[in-house]
Amino acid sequence: MPGRRKRRKRRKRRNGIWTMNTEALLHDLRQQLHDGGLRGCFLVRDLHTGDELGLDPDTQLPSASLVKVPLALATVERIRRGELDGAAMLDVPPGRITTPGPTGLSRFRHPARVAVDDLLYLSTCLSDGTAADALFGLTPPALVADLLHEFGLRDITVRHTMDELSDTPVERFDAAQVDLAHALAIGAGTGGRGHRVPQLDTTRANTGSARSYVDLLQALWTPSKIHPEVAERVRTLMAHNVLRHRLTPDFSSDATKWSNKTGTLLNLRHEVGVVEHSYGQSFAVASQTDSEVPAALQP
């Protein structure tokens, strides 16, 4: 078959085994994504050797809820410094969001009193946007960005709170027309990653690339400028993440531990995490996808 002959030409024989070269592999992966109605940016890095393989890993995309990892890092660091008290109680207004997706306090109907430590859990492990905004009230986006820079992590941009993510076209259409919001998200972008939807405009949104999030994971899992106690706590929060429907099935076993954080916004589906194998190897993984299918339900 012509397709089979073409694919074989891109392979090289090594020690008697046919192997596909990197360029051909990446070409085929891009084609598979395109056939599935996706554009994707990925990076996998061996945290011990530094070896990595990526697909457009330096493309900046809106972070969505991935930004809750830098927020957790900044909050825990400020607790360590004595600038915040993890036991301090905050009065948090209810989110009262009724559209599908948001969790925790975001769906509460009445005010709640919650400790800073528990807001960290809700924000990171349940991806609760209202809890995250209560933490942003203590550590504003600009301060989160400053702390990232202090740790040598300069390629994740933190510009706004999570509340802005709850005011997208999805909330302006009724349930039967949600696909129109996704059609707008898909079709209203520019070649330079600008967008008519502010939350998808990389000049205005919280942003990061697959590489920048893998760099963050490496700083949390290996010795870095981040205090060991702070890194350990953020790792524990990610290990307890309850949203485990995307990459988790690919990494779950009795011999592995998967610690992760997801991000969802209109047609974006992201996940970053670290898989630790019982025999010692650890890999940081970042997956960011941008769907071209105008459907609300896209697992």
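State whether the residues of region 47-56 include one that is touching a strand residue (DSSP E or B) at 6+ places or on another chain (Cβ under 8 Å) and without any contact (Cβ under 8 Å) to a residue 12 or more places away in the chain. Yes - at least one qualifying residue is present in region 47-56.
Do you know which residues across region 229-251 are in a loop (DSSP other than H, G, I, E, B) and out of contact with any helix residue (DSSP H, G or I) (no Cβ under 9 Å at 6 or more places or on another chain)? Please lay out each step first, then the result.
Filtering region 229-251 down to residues in a loop (DSSP other than H, G, I, E, B) leaves 240-247.
Scanning region 229-251 gives 244, 245, 246, 247.
Looking at region 39-119, the strands (runs of 3 or more DSSP E) lying wholly inside it that each contain 3 or more residues that are open to solvent by less than 30 Å² (accessible area, probe 1.4 Å) sit at 112-115.
Counting the residues of region 142-165 that are part of a helix (DSSP H, G or I) and at pLDDT 95 or above gives 9. When region 258-288 is filtered for residues that are within 12 Å of the chain's Cα centre (by Cα), open to solvent by 20 Å² or more (accessible area, probe 1.4 Å) and touching a residue at least 60 places away in the same chain (Cβ under 8 Å), only 264 remains.
Scanning region 231-257 for residues that are open to solvent by 10 Å² or more (accessible area, probe 1.4 Å) and either among the hydrophobic types (A, V, I, L, M, F, W, C) or in contact with a Pro (Cβ under 8 Å, 6 or more places away or on another chain) (or both) gives 237, 239, 242, 243, 245, 246, 247, 251, 255.
Every test in (1) of a type in the set (Ser, Thr, Tyr); (2) in a loop (DSSP other than H, G, I, E, B); (3) touching a Leu at 6+ places or on another chain (Cβ under 9 Å) is passed by residue 259 save one, and that test is (2).
Can you confirm whether region 12-20 contains a residue that is open to solvent by 30 Å² or more (accessible area, probe 1.4 Å), part of a strand (DSSP E or B) and modelled with pLDDT of 95 or more? No, because not a single residue in region 12-20 is open to solvent by 30 Å² or more (accessible area, probe 1.4 Å), part of a strand (DSSP E or B) and modelled with pLDDT of 95 or more.
The values are calculated or read from the model by the stated rules, or taken from the named source; none is laboratory data. Quick caveat, the model's predicted, so the values are computed rather than measured. Don't worry about glycine lacking a Cβ; one is built from the backbone with ideal geometry, like all the others, and counts go over all protein chains shown. Note: areas computed on protein heavy atoms with side chains; ligands, DNA, RNA excluded. Shrake-Rupley method; radii C 1.70, N 1.55, O 1.52, S 1.80 Å.
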